[in-house]
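Step one of this worksheet: look at the structure below.
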Amino acid sequence: MPDQLTKLAYQTLQQGKALLGVTHKEVSTRLMGLLAPEGSPKTVPVPPELLGRLKQAMDALHERDWQEAEQGLYPASLLFDAPWLDWASRYPLVWLDMPSTWSRRMERNVRDLPRSIDPEDFPDYYLQNFHHQTDGYLSDHSAALYDLQVEILFNGTADPMRRRVLAPLLRGVRAFPDRPAGQIRVLDVATGTGRTLRQIRGALPKAQLFGLDLSSAYLRQANKWLSQLPGELPQLVQGNGECMPFAEGTFQGLTCVFLFHELPGEARQNVLQDAFRVLEPGGVVVLADSVQLADSPQFSAVMENFRRVFHEPYYRDYISDDIEGRLRRCGFEGITAETHFMTRVWTARKPR
Ligand SMILES: C[S@@+](CC[C@H](N)C(=O)[O-])C[C@H]1O[C@@H](n2cnc3c(N)ncnc32)[C@H](O)[C@@H]1O
């Protein structure tokens, strides 16, 4: 059981990450204002009382993260899990990459992708520089910087937000009490560099884990991270979440984290429909993505700025989307939703 000293260490770590994230963004925004003023995004003001509310919501997220570790849902070591040395060595690359990000933003160039890719291999909506990211999701360079960039963007809360899928996932797979732990199969759709799979492996160490993503570069990076720790190596498969290369009824649990805000509505529906197909009856789907206007109207300025600062072409549509309605249309039941800081988590079950 984690003790109070560990809790203090966790809180200190999270405060340190928040401070680094805020400082990094402050410095880079000022630098951009000086060096590339035309590219500077015009953001809406965030009132001071909103900053207080954000801080409260972030503290509540950390408390929840701690409590669920204390309850034994996942090992407390996960709270500290990150490739610290690797990130430290890659941090200068994040700065070196910025001028090309600024110039893409200034030129409104959102289709600046590696020449080596074949556009036929990907859906058109995917072939963009989401977040103005160099190479989009389509190179080892992009995959090497992604985790660190996300940590900075979320002030160190990315993993605590991803871990919110664990409790509903664990509750969901308990619907198969007679199934030995080693025969429970869980798929993480749009697994990216595998951070969510790493959390799931901590919570369900014996389960058979699978990760699917369109980017082979991100899957290569996921393979590297996941191979560093002991435990079964998840199977990583390249493919589209809209039509997955798995048979009907293969999985008892399915997660999908931070994908939906980057999909057009039709693709969101297709992913949910295919999730329904690949789940065994009784299986659970757990989605996590940005909060939306209906559940977190107080954070609308933050959502607006996210859309303005980053290239997120489907975000405006996403924050007004009715995800519960989409789940129902696919046939899911027992739909619930909860909010943790800037993340909304939906859970639903495929009827038996
Ligand atoms: C914002 S990242 C989230 C990655 C990861 N889930 C995380 O928590 O960091 C979005 C990921 O979705 C993948 N992706 C986008 N569209 C996809 C699709 N139709 N099918 C599978 N993966 C997709 C991208 O390659 C990228 O890795």
Note to self: Testing the spin-label approximation: label points 7 Å from Cα along Cα→Cβ at R171 and E324. State their distance in nm.
What the structure shows: 1.5 nm
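To the nearest 0.05, what FRET efficiency results for R352 and S227 with a Förster distance of 45 Å applied to their C-beta separation?
Once the sixth-power term is evaluated, E becomes 0.75.
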Notebook entry, point to check: Packing-wise, with mean Cβ within 10 Å as the measure, how do 106-116, 298-308, 164-174 rank, highest first?
Noted result: 164-174, 298-308, 106-116
Next item on the list: Given the peptides 84-97, 120-133, 282-295, arrange them by the average over their residues of other C-beta atoms within 10 Å, most packed first.
Entry: 282-295, 120-133, 84-97
Notebook entry, point to check: Of all the accessible heavy-atom surface of the chain, with the other protein chains kept in place and a 1.4 Å probe, what percent is carbon and sulfur?
Noted result: 56 percent
Next item on the list: Counting helices only, and only those DSSP H runs with n ≥ 4, report the 222 nm mean residue ellipticity of the chain as the sum of -39,500 (n - 2.57) divided by its residues, in deg cm²/dmol to the nearest 500.
Entry: -15000 deg cm²/dmol
Notebook entry, point to check: Arranged from highest to lowest average of other beta-carbon atoms within 10 Å per residue, in what order do the peptides 247-253, 232-238 appear?
Noted result: 247-253, 232-238
Notebook entry, point to check: Counting only the backbone N, which residues of the stretch 32-51 are under 15 Å from the spot 7 Å out from the Cα of V110 toward its beta-carbon?
Noted result: 41-42
Notebook entry, point to check: Expressed as a whole number of Å, what is the distance separating the alpha-carbon centroids of the stretch 219-282 and the stretch 166-202?
Noted result: 11 Å
Check: Does anything in the stretch 220-234 have its amide N under 20 Å from the 7 Å Cα→Cβ label point of K206, and if so which residues?
Finding: 230-234
Next item on the list: Please give the FRET efficiency for Q273 paired with Q183, using the beta carbon to beta carbon distance and R0 = 30 Å, rounded to the nearest 0.05.
Entry: 0.70
Notebook entry, point to check: Label points 7 Å out from Cα along the Cβ direction at W84 and D59: separation in nm?
Noted result: 2.5 nm
Margin query: What lysines does K7 reach when the alpha-carbon gap must be under 20 Å and sequence neighbours fewer than 8 apart in one chain are set aside?
Written below: K17, K55
Note to self: Could you give the length gained by full extension between L293 and R220, i.e. 0.36 nm per residue of separation minus their alpha carbon distance, to one decimal place?
What the structure shows: 22.8 nm
Notebook entry, point to check: Per residue, how many Å² of accessible area does the chain show with a 1.4 Å probe?
Noted result: 45 Å²
Note to self: Restricting to bridges with both residues inside the chain, how much of the DSSP beta-bridge set is antiparallel, in percent to the nearest 5?
What the structure shows: 40 percent
Note to self: Under 17 Å from a point placed 7 Å out from the Cα of H141 along the Cα-to-Cβ direction: which residues of the stretch 79-97 have their backbone N that close?
What the structure shows: 90-97
Checklist line | For the stretch 202-217, Karplus couplings with θ = phi - 60° (6.51, -1.76, 1.60), whole Hz, Gly/Pro x | finding: x, 7, 10, x, 9, 5, 8, 10, 10, x, 10, 7, 6, 9, 6, 5
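The values are calculated or read from the model by the stated rules, or taken from the named source; none is laboratory data. Please read these numbers as outputs of a predicted model, since none were measured by experiment. Cβ: placed from backbone, ideal geometry, glycine included. Neighbour counts: every protein chain shown. Note: accessible area is taken over every heavy atom of the protein model, side chains too, but ligands, DNA and RNA are not part of it. Shrake-Rupley method; radii C 1.70, N 1.55, O 1.52, S 1.80 Å.
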